[in-house]
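Here's the structure, in C-alpha cells; my notes come after.
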Amino acid sequence: MVTLNKTLAKDRKKIAFSAKSRQLLLGALLPVSLLFLWEWAGRSGYLNPLLLPAPSAIWNEFIFLLQQQHLLGHLQVSVIRALAGLAIGGSLGLVLGLIIGFSYKSQRAFDPTIQMIRMLPHLAIAPLFILWFGFGETSKLLLIAKGAFFPLYINTFLGIRSADSKLFEVARVLQFNKMQLVLKLIIPSALPHILLGLRLSVGVSWLGLVVAEMMGSTEGIGFLINDARSMSIITTVFVGIIIFALLGKLSDFLVLTVEKKLLNWQSTFEGGK
C-alpha cells in the first residue's frame, strides 16, 4: 500500500512537471519566433541597424556594458528606487483604501479629490515635483509612489465594498467585534482585489521609475537609456528597454506566485483548452 502511494505521488509529480513544461514551451513560442525573425531580417539587410539593430548586436552591447561594470550599478539604483517608491505609495494606498472603504463619510470627503489627483499624468506632474523637491531622490520616489498609490487604493476600496452583505449578518450572529470583523471577514474577502491592486502597482512603479529617471537623473537604467539616446547609441537604448521589460515580468511573476498561494482556496475558470 505504501509502495502504491509513493508510485502515485511520483506519477502526479511527473504529470505536473510535464504540464508546466508544456506551458513554458507554449509561452516561449511567440517571443522566440519573433527573435529569430528579427535576427534574420537584420542579417539580411531588411532593417536599418541604426534604427533597429539585430538581437545579436543588442546582446553584444549588453555583454560590453557588463564588462564595463556600469550596468549593474545602474540596475541596483533603479531596483532600490522602484521598491522604495512602491513601499511608500503602496502602503499609503492600502491604508487609505481600508479607511475610506469602511467609512461612507470618509469616501464623500476624500475620494473625489483622490480621483482627481489620479487623473494627473506622470509627464505633467514630473516637472512640478522637480521644481518643488529638486533633482534628488525625493522627487523620484514621490513620482513612483504616486503611480503605485492608486491601483492599491482603488482595488482595496472595491474589495471592501464588494464584500457580501450576508457575511456581515453571519458575523453579527457570531458576535464578532470590530477587529474580528476586519481580520476574519473583510480582509479575506477583499484579498483578491488587494492582490490585484498590488500587481498593478508593481507595474506602474516601473513606469514611474522610467519617467523619473529620464526627466532628471545621473544614474539608473532610465538615465542610461536617455544618455544613450542623446548619443544615438541605439543598442544601449534597447538594452535598457529589455531590462525594464524583464524586471517588470519578473516582479509580476513573483506577485502572481504569492497570489496563487494565498488564493488557492478559490475555484475559478482558467479558460478552455
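The values are calculated or read from the model by the stated rules, or taken from the named source; none is laboratory data. Computed from a prediction, not measured in an experiment: that's the story for all the values here. For neighbour counting, all protein chains shown are included, and Cβ atoms are generated from backbone atoms with ideal geometry for every residue, glycine included. The accessibility values were calculated without ligands, DNA or RNA, using every heavy atom of the protein model including side chains. Shrake-Rupley method; radii C 1.70, N 1.55, O 1.52, S 1.80 Å.
Structure notes:
- Restricting the stretch 212-231 to residues that are open to solvent by less than 50 Å² (accessible area, probe 1.4 Å) and in a loop (DSSP other than H, G, I, E, B) leaves a set whose member that is modelled with the lowest pLDDT is GLY216.
- Test result for VAL211, farther than 21 Å from GLN107 by Cβ and of a type in the set (A, V, I, L, M): yes
- Yes/no for SER201 being assigned to a helix (DSSP H, G or I) and within 20 Å of LEU142 (Cα to Cα): yes
- Lone unmet requirement of (1) of a type outside the set (Val, Ile, Thr); (2) under 22 Å from the mean Cα position of the chain (by Cα); (3) part of a helix (DSSP H, G or I); (4) more than 28 Å from ALA124 (Cβ to Cβ) for ASN264: (3)
- Residue satisfying condition, being within 17 Å of SER201 (Cβ to Cβ) and not acidic (Asp, Glu), within set LEU142, LEU167: LEU142
- Any hit, the stretch 143-156, residues being more than 19 Å from the chain's Cα centre (by Cα) and of a type outside the set (A, V, I, L, M): no
- In the stretch 131-145, the residues that are in contact (Cβ under 8 Å) with a residue 40 or more places away in the chain, part of a helix (DSSP H, G or I), open to solvent by 70 Å² or more (accessible area, probe 1.4 Å) and of a type in the set (A, V, I, L, M, F, W, C): none
- Listed here are the helices (runs of 4 or more DSSP H) enclosed by the stretch 48-130 that have at least 3 residues being touching a residue at least 24 places away in the same chain (Cβ under 8 Å), open to solvent by 60 Å² or more (accessible area, probe 1.4 Å) and not charged (D, E, K, R): 71-102.
- Cβ-Cβ under 6 Å pairs, at least 6 apart or on other chains, the stretch 196-211 side open to solvent by 60 Å² or more (accessible area, probe 1.4 Å), far side part of a helix (DSSP H, G or I) and not aliphatic (A, V, I, L, M): LEU196/ASN155; LEU200/PRO151
- Of all residues in the stretch 50-64, those being at pLDDT below 90 and touching a Ser or Thr at 6+ places or on another chain (Cβ under 9 Å) number 1.
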